[in-house]
Amino acid sequence: MADPDFSDGMPVPVRAPDGRDETIRINLTIRRSALASIDRNAAMHVLSRSAYLAKVGTGSS
């Protein structure tokens, strides 16, 4: 490898998204208190409601 900081490193294959994933609109039924909790948590992470739900739903960090 060109970077001496990584001279003892090992390349590791990773799965990349296939590019066919698209954003879709959904409707769901949820208790008002649950939605309020989602909105509070989204705001604490400086995310939109949709971005927060996608993040926690996929386990993304």
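Laboratory data are not the source of any read-out in this text; all were calculated from the coordinates shown. What you see is a predicted model, and the numbers here were worked out from it, not measured in a lab. Neighbour counts are summed over all protein chains in view; Cβ atoms, including those assigned to glycine, are modelled from backbone coordinates with ideal geometry.
Numbers below:
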{"quantity": "Choice from Arg40, Arg25, Arg15 showing the highest fluctuation, given a GNM over the chain with Cα pairs closer than 10 Å", "calculated": "Arg15"}
{"quantity": "Between 0 and 90°, nearest 10: helix 49-58 axis offset from the chain longest Cα axis", "calculated": "50 degrees"}
{"quantity": "Dipole axis of the chain (+1 Lys, Arg; -1 Asp, Glu on Cβ), positive-most option in Gly19, Val46, Ala36", "calculated": "Ala36"}
{"quantity": "Cα-projected label distance for Ile26 with Lys55, points at 7 Å along beta-carbon direction, nm", "calculated": "1.7 nm"}
{"quantity": "With Cα atoms, 0 to 90° folded angle of helix 32-44 axis to the chain main axis", "calculated": "40 degrees"}
{"quantity": "Whole-Å semi-axes of the ellipsoid equivalent to the chain (Cα gyration tensor, √5λ, descending)", "calculated": "37, 17, 9"}
